[in-house]
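Asker: Before I ask anything, here is the structure I am working with.
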Amino acid sequence: MSRFKQIDLSRIRTISIAERKSMVTPRRFARVFDPKKESFSRFIASLPSILVGEELRTIVEDIVNARRKRKPVVMLIGAHVVKVGLSPLIIDLIKRNIVSAVGMNGAAAIHDVETAMWGKTSEDVAEHIKDGRFGMSRETGEFINTALKTASVYGDEGFGEAIAKEIIRRKAKNRKLSILAEAYRHDVPTSVHVAIGTDIIHQQPSMDGAATGEMTFRDFKVLCSVVKDLHPGGVVLNVGSAVVLPEVFLKALTVARNLGHPVRKFTTVTFDMLRHYRPMMNVVERPTQDGGRGYYITGHHEIMIPLLCAMIKDRLR
């Protein structure tokens, strides 16, 4: 006989399933899609109206509505977005006047420059760290660091604009694949936000800390100017940045509100492969807590972002 007492369930009160509020019915299930007979629009409609399946459609609606109302759609991107080959899709959204501002971290700018100038980017870190060769591509450092130093002294543009102009001035072979250059050509503000010591060009002799700091500070002010116009109905997409861009965005939002701009009632979305603390707090939750809505979509960028872009374009047909 057991020494431990078991609770008596005979007096439990049950309810009828007819009385219970249920969140899922077959009406919300996925529908089998036939690619031989149906359009992409029908594929989108075939997704289940449950959780992210429904959220993704809502996000697309918010983006489309934002641009129809001439409100900002800001895309903040980490390095992985460029290095997995998504630049053509972001550039396409820029050309179609869907993305109205771009922010990126320093590593994304490096991949953008290397692709535009030399048609290749991304190295084997594990291999090159062994003997100190990691991040020592001389041309990359000299291109970016020299452009920043020159512009910090002789111009008033920020990091993103200075690099974009240099890519265009040098007639880079792959400049049409540069988010920085194409955004500049289409008058779309592009800001680069750097934490000194995080990027490969910071470890090279051409690095100028004062110039880099000044140029990225100018871009912070550019982003603040963009963020102030989000109210009401704008959208901020944080794609693949776990620390730098969520922190920068939160500060830009604070600046805008401190200056008297009522920046509320907008949508924020983080797309990433994993859930991280700062994107959840600083992009999805805190900025929208008193008006607006935030979403966190997990999945590989090379799958989720092409799907998002295709859904947006389909909705605008």
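What follows draws every value from the coordinates through simple rules; no lab data is involved. Since the model is a prediction, treat every value here as computed from it, not as a measurement. Ideal geometry is used to build each Cβ from the backbone, glycine not excepted, and the neighbour counts take in all protein chains shown.
Asker: Anyone know which of GLU302, GLU38, GLU61 comes out most mobile in the 10 Å Cα GNM of the chain?
Answerer: Highest fluctuation of the listed residues: GLU38.
Asker: Given R₀ = 22 Å, what would the calculated FRET efficiency be for ALA210 paired with ARG170, taking r from the Cβ atoms and rounding to 0.05?
Answerer: Numbers: r = 24 Å, r/R0 = 1.10.
So the FRET efficiency works out to roughly 0.35.
Asker: I need to check one value: relative contact order of the chain, counting alpha carbon pairs closer than 8 Å and at least 6 residues apart, in percent.
Answerer: Working: 532 pairs, mean separation 63.8, N = 317.
Rounded, it is 20 percent for the chain.
Asker: Between TRP118 and MET280, what is the FRET efficiency for a Förster distance of 45 Å, r being their Cβ-Cβ separation, to the nearest 0.05? Could the numbers behind the result be given before it?
Answerer: Values: r = 37 Å, r/R0 = 0.81.
The formula returns an efficiency of 0.80 here.
Asker: Residues with beta-carbon under 14 Å from that of ARG138, excluding ARG138: net charge, scoring Lys, Arg +1 and Asp, Glu -1? Can you show the working numbers first?
Answerer: On the way: positive: ARG133; negative: GLU114, GLU123, GLU139, GLU142.
With Lys, Arg at +1 and Asp, Glu at -1, the neighbours total -3.
Asker: Return the whole-Å distance between the Cα centroid of the range 70-149 and the Cα centroid of the range 224-243.
Answerer: 19 Å
Asker: Shifting gears a bit: For P(r) over Cα pairs in 10 Å bins from 0, in percent, the listed values are (i) 5, 24, 33, 26, 11, 1, 0; (ii) 6, 28, 38, 24, 4, 0; (iii) 6, 24, 30, 20, 10, 5, 3, 2, 0; which was obtained by calculation from the structure presented?
Answerer: Of the labelled values, this structure produces (iii).
Asker: In deg cm²/dmol, rounded to 500, what helix-only [θ] at 222 nm does the chain give when every DSSP H run of at least 4 residues adds -39500 (n - 2.57) and the total is split over its residues?
Answerer: Details: 12 runs with 139 residues, N = 317.
Rounded to the nearest 500, it is -13500 deg cm²/dmol.
Asker: By how many nm would the segment from MET1 to HIS128 grow when fully extended, if each residue of separation counts as 0.36 nm and the alpha-carbon distance is taken off?
Answerer: Working: separation 127, 0.36 × 127 = 45.72 nm, distance 6.64 nm.
Gain on stretching MET1 to HIS128: 39.1 nm.
Asker: Name the aspartates and glutamates eligible as straight-distance cross-link partners of LYS149: C-alpha to C-alpha under 20 Å, and not fewer than 8 places from it in the same chain.
Answerer: ASP112, GLU114, GLU139, GLU157, GLU161, GLU166, ASP199, ASP208, GLU214, ASP219
Asker: Past the 18 Å Cα-Cα mark, which pairs from LYS95/LYS313; LYS120/LYS176; LYS69/LYS221; LYS176/LYS221?
Answerer: Working: LYS95/LYS313 12 Å; LYS120/LYS176 14 Å; LYS69/LYS221 24 Å; LYS176/LYS221 27 Å.
Beyond 18 Å: LYS69/LYS221; LYS176/LYS221.
Asker: If you build a Gaussian network model of the chain, linking Cα atoms that sit under 10 Å apart, which residue out of GLY158, GLY85, GLY106 swings the most?
Answerer: GLY85
Asker: Starting from the 7 Å offset along Cα-to-Cβ, what nm value, one decimal, do you get for the label separation of ALA18 and VAL32?
Answerer: Here the answer is 3.3 nm between the modelled labels.
Asker: Given the Cα-Cα distance of LYS251 and GLU54 and 0.36 nm per residue of separation, how much length would full extension add, in nm? Please report the intermediate quantities before stating the final value.
Answerer: Numbers: separation 197, 0.36 × 197 = 70.92 nm, distance 3.04 nm.
That works out to 67.9 nm of additional length.
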